[in-house]
Amino acid sequence: MKQIKKNENCKKKMEIKLDFKNVMEDSIGSEHGVSNSDIDNIREKIANAHKRVLDGRKSGELGFYQLPYQDKEVSEILDISEDIKNKFDNFVVLGIGGSALGNIALHNALNHKFYNLLPKKDRNDCPRIFFLDNIDPKLIKELIDIIDLKKTVFNVITKSGSTSETIVNFLVFLDLLKSAVGDDWKKHIIITTDPERGDLRKLAEEESIISLSVPLNVGGRYSVLSPVGLLSAAVSGIDINQLLSGAAYMDKLCSSSEFDKNPSFELDKNPAYKSAALLYLEYVKNKKNITVFMPYSNSLIGIADWFSQIWAESLGKKYSLENEVVNTGFTPVSALGTTDQHSQLQLYVQGQYDKVIVFVEVENYNSQIDIPKLYPEFNSFEYLGGKSINQLINLEKQGTEHALVKNNRPNYTIKLPEINAFTIGQLLFIIEVQTVFMGALLNINPLDQPGVEEGKIYVCKKLGRKGY
Ligand code: PA5
């Protein structure tokens with residue numbers, strides 16, 4: 001009993017918090033801010049959107065909701081990753097879009113910035129990790145230059161089993177592997193794909209290649225917490241149980257059972273719904289259709305890129321659910337604090353009134369760096385000496401926030417107590433819920449991507465793919 005309570009207290013301490021005050025009209029005025037009565041005016045919409053999300057969860061259409069609770073898959077992934085650690089020096093992910101961005105985000109957030117450069121023992125004997133998520137010939141050549149194929153395993157990730165970029169990268173490395181290791185090539189490949197369909201599933205079965213399944217009801221950009229994202233994370237030593245536990249914790253925070261009775265009130269208890277509702281109001285009422293995602297941490301820039309995909313590809317839609325032309329969605333922008341204060345910030349403070357800035361603040365960076373007191377005779381050195389860099393980065397974020405508020409620019413802050421698997425699990429999950437809830441508010445399908453298909457079909461036709 002005591003232990004359970006202690007665990008719950010630890011989790012509570014690591015809960016991520018959202019501070020929405022700078023979206024509200026009390027902070028930034030009525031022209032650009034949102035009022036409580038604005039929220040009240042869309043009560044019914046919020047209640048309907050909640051019902052749609054709940055139905056989607058119950059019917060299984062929103063499969064990502066089940067991912068925090070997959071025990072069988074986790075133990076299979078951990079077994080495979082142990083085996084990989086014992087046998088290989090390099091782990092290469094071949095995938096694109098939702099089959100790579102989550103992997104990259106997790107790696108950037110939770111592993112050492114210079115992970116591949118660390119001596120093996122400082123990587124806990126885990127292999128080096130590479131992500132090939134493009135078909136830039138130079139990039140492919142340069143990866144070939146530096147990996148020893150005999151010590152490399154490739155995780156080919158494609159839900160459809162047919163994305164041309166992933167398939168061509170696979171073919172290139174398959175050919176090289178066959179020359180380098182002969183019949184052993186099968187031991188150097190792990191396929192992550194649809195459980196039943198597609199050519200890669202067929203290949204895995206015919207050649208008895210180790211494979212993992214992407215659940216049928218989980219689409220690419222919602223798959224980071226499925227075997228898609230979990231294997232590369234586990235292979236590099238990330239605690240995937242903690243990651244899923246963080247997602248489950250956020251699921252609980254975003255699942256208030258009282259919601260149906262009083263949506264406006266309960267909105268405060270559901271951070272994912274609240275951020276979606278405020279961004280929705282900023283869009284329809286105040287014409288702000290650009291969402292800038294700006295973490296104050298280099299570790300989180302991969303999450304900003306992952307956010308950009310889920311936000312853009314899920315919500316940028318031509319048709320409503322009733323097939324009316326709506327041409328809706330948000331333009332995501334990824335920015336990095338403090339770096340982009342010296343690049344993009346001028347536009348955010350004084351440019352068009354078309355953006356909401358979403359800050360991600362980190363309370364404890366787990367490394368403290370004090371600023372040495374040197375050359376105090378120089379004014380531009382003296383006032384910094386003796387402070388800490390940790391103090392400075394948070395103060396700079398406050399300064400940016402202050403400038404935005406002064407200029408009536410809506411912004412809000414997601415606060416992470418620290419960056420760890422538990423908090424990152426929460427962050428990914430809240431963004432997934434926020435996205436499907438926004439889809440429901442906008443009355444569009446956040447799970448498809450028909451606009452992307454047109455380009456794919458063009459390429460297949462030009463290359464003479466059968467059936468096109
Ligand atoms: O979110 C999506 O559905 C897309 O971004 C896909 O992940 C991307 O196109 C890759 O698809 P696949 O996993 O089928 O190779």
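The values are calculated or read from the model by the stated rules, or taken from the named source; none is laboratory data. Keep in mind that this is a model prediction, so the values were computed, not measured. Cβ coordinates were reconstructed from backbone atoms using ideal geometry, including for glycine residues, and neighbour counts include every protein chain displayed.
Side notes on the structure shown:
- Residue in the stretch 446-462 that is closer than 26 Å to Lys45 by Cβ, crowded, with 22+ Cβ neighbours inside 10 Å and either at pLDDT 90 or above or in the same structural domain as Phe307 (by TED's automatic domain parsing) (or both) present: yes
- Contact annotation: residue pairs with Cβ atoms under 7 Å, 6 or more positions apart or on different chains, pairing a residue in the stretch 100-124 that is in a loop (DSSP other than H, G, I, E, B) with a partner that is not hydrophobic (A, V, I, L, M, F, W, C), are Ala100/Asp133; Asn111/Ser236; Lys113/Asn298; Leu118/His112; Asn124/Gly237.
- Within the stretch 218-234, one or more residues are more than 16 Å from the ligand (Cβ to nearest atom) and not assigned by TED's automatic domain parsing to the domain that holds Ala440.
- You will find that of Ser30, Ser75, Ser81, Ser37, the residue that is more than 16 Å from the ligand (Cβ to nearest atom), without any contact (Cβ under 8 Å) to a residue 24 or more places away in the chain and either buried (at least 19 other Cβ atoms within 10 Å of the Cβ) or not in a helix (DSSP H, G or I) (or both) is Ser30 and no other.
- Residue-level check: of (1) without any contact (Cβ under 8 Å) to a residue 24 or more places away in the chain; (2) part of a strand (DSSP E or B), Val93 misses just (1).
- If only residues of the stretch 152-172 that are among the polar types (S, T, N, Q) and in contact with a strand residue (DSSP E or B) (Cβ under 9 Å, 6 or more places away or on another chain) are counted, the one that is farthest from Ile129 (Cα to Cα) is Ser160.
- Selection from the stretch 144-168 of residues that are part of a helix (DSSP H, G or I) and either among the β-branched types (Val, Ile, Thr) or under 20 Å from the mean Cα position of the chain (by Cα) (or both): Ile144, Ile146, Thr166, Ile167, Val168
- Matching residues in the stretch 170-223 - criterion: being part of a loop (DSSP other than H, G, I, E, B) and among the basic types (Lys, Arg): Arg197
- Test: residue in the stretch 341-359 that is over 12 Å from Thr291 (Cα atoms), more than 16 Å from the ligand (Cβ to nearest atom) and charged (D, E, K, R): no
- Members of the stretch 235-254 found to be within 24 Å of Val433 (Cβ to Cβ) and either touching a strand residue (DSSP E or B) at 6+ places or on another chain (Cβ under 7 Å) or among the aliphatic types (A, V, I, L, M) (or both), listed by number: Ile238, Ile240, Leu243, Leu244, Ala247, Ala248, Met250, Leu253
- Lone qualifier among Lys288, Lys317, Lys274 - being in the same structural domain as Lys51 (by TED's automatic domain parsing), modelled with pLDDT of 95 or more and in contact with an Asp or Glu (Cβ under 6 Å, 6 or more places away or on another chain): Lys288
- Here is the figure for the stretch 154-185: residues that are under 22 Å from Gly97 (Cβ atoms) and in contact with a His (Cβ under 7 Å, 6 or more places away or on another chain) total 1.
- Criterion violated by Glu418 - all others in (1) closer than 17 Å to Asp19 by Cα; (2) crowded, with 21+ Cβ neighbours inside 10 Å; (3) not aromatic (Phe, Trp, Tyr) satisfied: (2)
- Test: residue in the stretch 335-348 that is under 16 Å from Met438 (Cβ atoms), assigned by TED's automatic domain parsing to the domain that holds Leu18 and of a type outside the set (Asp, Glu): no
- Count of residues meeting criterion [touching a strand residue (DSSP E or B) at 6+ places or on another chain (Cβ under 9 Å) and not in a helix (DSSP H, G or I)] in the stretch 321-352: 15
- Hits in the stretch 141-190 - residues which are small (Gly, Ala, Ser) and within 16 Å of the ligand (Cβ to nearest atom): Ser160, Gly161, Ser162, Ser164
- Selection within the stretch 433-468 - within 12 Å of the ligand (Cβ to nearest atom) and outside any loop (DSSP other than H, G, I, E, B): Thr435, Pro450, Gly451, Val452, Glu453, Gly455, Lys456
- Residue identified as in a helix (DSSP H, G or I) and surrounded by fewer than 21 Cβ atoms within 10 Å (Cβ to Cβ) among Lys318, Lys252, Lys274, Lys287: Lys252
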